[in-house]
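So the structure is just underneath, and the comments pick up after that.
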C-alpha cells in the first residue's frame, strides 16, 4: 500500500518517529467491533525477593499482578464496550499457568474472554517473541483494535506494541493519553516534547496506553466471582510460533548497594559547609 499520512493536526511540535512507528504508512478500513487488550504480569513492588547463589532471582513464592499500564489499556477497552463502540473485549497474556489468575482479574474488570498463550521456556517471554506470538494470534482472530500498555514496569522495554504493529502491518499510536472514535476513525492524543500530537487512525490499529489515558476501576469480590463464569482459552506458544529462539541472555542479577544513613545538621550554615566540603556539590 502507498505511504500516506492518515491524519495529523493540532501538531504543536515536530516529532521524530522510531523505526517501528508505522502509523503513517498503511491505510485500512474497518468498523470497530473486537478489542484485544494485551497485558503482562509483574512482581508487586511491595514484595521482597532473593538473589540465589547462581545469580538468578528466586521468584517461587512471589505474588504477581497485572502490569499497571496494561490495566489502563484494559480499562480503555472495557469503557469502549460500555459506550457501545465495541462488542467484545478479549484479554490476552503470554506466560505460564500462573498468568491465568491475572487473566481472571482482567475478566473481572470487564473483559469477555481471556486467552493465555502458554509458554514453557523463559526465552519465549522475551519482547520480540511475545510480539511474534501475539501477532500470530491476531492474524487468527482479526480484532479491530489492539490496546497494549506502553511498557512493562519490571523491564521497561517499551517494545511489544510497536513490534506487533510492524508484524501485522497495522497503523499505530504509542504513549496515548486520550482516545475517542470520530467518524469511523480513532482519534488519539500523544504527549510529545513541548506539546501534544493528535492522530487519526483507520482500523485495525495498535495503541499503547500512557498513564493519563484513564483510571482503572477497582476490582471487587463480586466482580471476581462473576469472572469465574467467563471463558478462558489456553493456546500453546509452540502451536503459534514453533521456531522461537532466545535473543537475550541474562547473565545474572545484583542487589543495589546499601544506601548510606543520612545525617542531621544543626543549622543552615552547617548544611552549606557539608555540601561544600564533604559532598562537594556547591
(Q) How large is log10 of I(q)/I(0) for the range 214-282 at q = 0.24, 0.28 Å⁻¹ when the intensity is taken from the Debye formula with one equal scatterer per alpha-carbon? (A) -1.07, -1.29
Q: Quote to one decimal, in nm, the extra length available between residue 217 and residue 275 on full extension: 0.36 nm per residue of separation minus the C-alpha distance between them.
A: 16.3 nm
Q | Estimated translational D of the range 89-147 in µm²/s (Stokes, Kirkwood radius over Cα pairs; 4 °C; 1.567 mPa s) | A | 108
(Q) As a footprinting exposure proxy, order 247, 175 by other Cβ within 10 Å, with the fewest listed first. (A) 247, 175
Q: Any chance you could run the full-extension gain for residue 198 through residue 169? It's 0.36 nm times the residue separation minus the Cα-Cα distance, nm to one decimal.
A: 8.4 nm
Q) Under a point spin-label approximation (7 Å from Cα along Cα-to-Cβ), what is the residue 62-residue 234 distance to one decimal in nm? A) 2.3
Q: Please give the contour-minus-distance gain from residue 97 to residue 241: 0.36 nm per residue of separation, less the Cα-Cα distance, rounded to one decimal in nm.
A: 50.0 nm
(Q) Using Cβ counts within 10 Å as a stand-in for footprinting exposure, how do 156, 243 rank, fewest first? (A) 243, 156
Q: Would you mind ranking 225, 181, 109 by Cβ crowding within 10 Å, fewest neighbours first?
A: 225, 181, 109
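No lab work stands behind these numbers, since they all come straight from the coordinates. Model, not experiment: these values are computed from the prediction. Quick reminder, even Gly has a Cβ in these numbers, built from the backbone with ideal geometry, and neighbours come from all protein chains shown.
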